[in-house]
Structure formats: C-alpha cells, structure tokens
Amino acid sequence: MKAFIFDLDGVIVGTDEYHYLAWKQVASEENIYFDKKINDRLRGVSRMESLDIVLERADREYTPEEKQILAEKKNDIYKILLANLTPGDRFEGVTETLEEIRKKGYKIAIGSSSKNTPFILERLGYRNYFDAVSDGNNIKHSKPDPEVFLKAAEMLQLDPSDCYVVEDAESGIDAAKAGKFTAIGIGPAAGYVKTDIPISHFSDLLKLI
Ligand code: B16
Ligand code: MG
C-alpha cells in the first residue's frame, strides 16, 4: 500500500456534532422532528441530499427555491460553529499517527463530501498539510459514489488498489468499495458488514504500516 485517504468529518474531527446542531435548528424552525439517529443518516451525504432526509419528516412539500434557502440557512449556522474550531479539535491521536504514517513514506490525502473542507482544514492548522485534497467542491456525485476517492487517488497518481480509505460512514465505505479501495472503518463504520478493516481508535492505523 502506498497511501491513506481520509474522510474528514467523523474521522479527523468531530464536525458531525456541528452538522447536528445546525440541522436541528433549521428543522425546529420548520417544526420538523429531528434527532441524532436521523443525523447519523447524514454522515458522508451531500448537503442537498441531507436536506431531503431531514424533510422526510415534514408534513408538506418544499419547492426547490425553499430547499435552497434552507440549505443556505443550515450552512450559515454550520459555518458560525466551524469558526470555533482550533487545532485542539483534531481527534485524539490524529496528529502523531499522521506524522508516523508520513515518516514511513505513505502519501496522505483527504476525501470528503464537504464543500467546507478548505475552511475546516485551515481552522485545524492543516492548510497545505495533505498531499491531496478531494472534496465536495470537485465532485458531481457524492458518496456512496466513489468519485471523491477516485479523484484523490488520481491527484496522488496512484491506483485505488494502492490506497486505504478511512471512513466513519456506511456511505463512505460503500464509496470506497465501489472504487476498489481497501476500506478501513472507524466509529459507526467499524461495525459495518462491508468494512474490510475495522479499527476502534485512529492510532490503530499504526498496526498497518
Ligand atoms: P457541507 P465527510 C460530510 O463530510 C458530512 O459527513 C455530511 O454530514 C455533510 O452533509 C457533507 O460532508 C457535506 O458537507 O454541507 O459542508 O458541504 O464525512 O464526507 O467529510
Ligand atoms: Mg465522515
């Protein structure tokens, strides 16, 4: 293996909690029921597809224009929360583990559905740190489509069979498998049937290098 491609939200940083708070606010203003279980279904899913899941509980149809406004409202709330991020918000063990992986000669990349990836990486002190960043800004199809990971491999000039993908979401594991990557699952994805290698802590990656 020559590289690791990391999902961002739920793997490197816990922005999933911020997504939850922002969607919760939008849903409650619309009198729509929303909870953490529904939020788990939004992991790795694009913003507009997430909104469609949130609106499953609405008692009326929303027009495309209304949906656009709600998605923007959610993102505005989310960005205010993101502004609080600091390098101290990287998940425990991430900094040391990435350094070790690098030292062993592996390339490292990001493969995230989020259009806010550049801002999040900047807040975490990871601007220009990764060898490649593929995110919601350079893809047409979000996870479970493999596009975001295939683009990351292409940027690294590597074949998917040379790359691990590290994911917390079932949609992300599906995307990795569809792209013929080796899928490592952490958090909710550790117990997913399609995951090749489950890990319980980020530093468990050191056992693979
Ligand atoms: P944005 P990941 C994903 O990030 C999140 O898991 C998902 O909940 C979110 O809807 C998606 O990014 C889009 O995010 O609204 O910032 O473009 O897990 O692929 O790093
Ligand atoms: Mg994720």
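Side notes on the structure shown:
- Links that overshoot a 19 Å alpha carbon limit, given the list LYS104/LYS177; LYS115/LYS177; LYS103/LYS207; LYS37/LYS180; LYS107/LYS151; LYS74/LYS115: LYS104/LYS177; LYS115/LYS177; LYS37/LYS180
- Its Cα centre serving as origin, the stretch 1-75 has a Cβ charge dipole (Lys and Arg +1, Asp and Glu -1) of approximately 260 debye.
- Over the Cα atoms of the stretch 17-78, the radius of gyration divided by the Kirkwood radius equals 0.90; this is the Rg/Rh ratio.
- Only protein heavy atoms count here; on that basis, with a 1.4 Å probe, LYS36 has an accessible area of about 100 Å².
- Accessible carbon and sulfur surface of the stretch 16-82 relative to its total accessible area, %, 1.4 Å: 50
- Mean separation of Cα pairs under 8 Å and 6 or more residues apart, divided by the residue count, gives the stretch 16-82 a relative contact order of 44 percent.
- Remark: the chain carries a charge dipole of roughly 400 debye about the Cα centre, counting +1 on each Lys and Arg Cβ and -1 on each Asp and Glu Cβ.
- Computed over the stretch 118-157, Kirkwood Rh from alpha-carbon pairs, angstrom: 10.9
- Surface accessible to a 1.4 Å probe, SER171 within the full protein complex, Å²: 20
- To the nearest ten degrees, helix 94-103 and the longest principal axis of the Cα atoms of the chain are 40 degrees apart.
- For LYS207, net neighbour charge (Lys/Arg +1, Asp/Glu -1) across residues whose Cβ lies under 13 Å away: -1
- Top positive-direction residue, dipole computed over the stretch 1-154 with Cβ charges, set SER134, THR15, THR63: SER134
- Over the chain, volume per residue of the alpha carbon convex hull, in Å³: 110
- Computed about its Cα centre, the charge dipole of the stretch 86-187 is approximately 240 debye, with only Lys, Arg, Asp and Glu carrying charge at their Cβ.
- Short-range pairs are left out: with C-alpha atoms under 8 Å and at least six residues apart, the relative contact order of the chain is 25 percent.
- Å² of accessible area per residue within the stretch 16-82, as computed with a 1.4 Å probe and no ligands counted: 58
- Under the Debye formula (equal points on every Cα, no solvent term), log10 I(q)/I(0) of the stretch 83-157 at q = 0.17, 0.23 Å⁻¹: -0.70, -1.13
- Amide H to amide H, with H built 1.01 Å from N, ALA3 comes under 5 Å of LYS107, TYR164, counting only residues 5 or more places away or on other chains.
- Of the whole protein surface, PHE202 contributes about 10 Å² of accessible area at a 1.4 Å probe radius.
- Relative to the longest principal axis of the Cα atoms of the chain, the long axis of helix 64-82 lies at roughly 50 degrees.
- Longest site-free stretch - the chain; sites: GluC sites (Glu not before Pro), DSSP loop, at most 16 other Cβ within 10 Å: 93-209
The values are calculated or read from the model by the stated rules, or taken from the named source; none is laboratory data. Note that the structure is predicted; figures quoted are calculated from it, not measured. Note that each Cβ is placed from the backbone with ideal geometry, even for glycine, and that neighbours are counted across all protein chains shown. The area values use the complete protein model at the heavy-atom level, side chains included, leaving out ligands, DNA and RNA. Shrake-Rupley method; radii C 1.70, N 1.55, O 1.52, S 1.80 Å.
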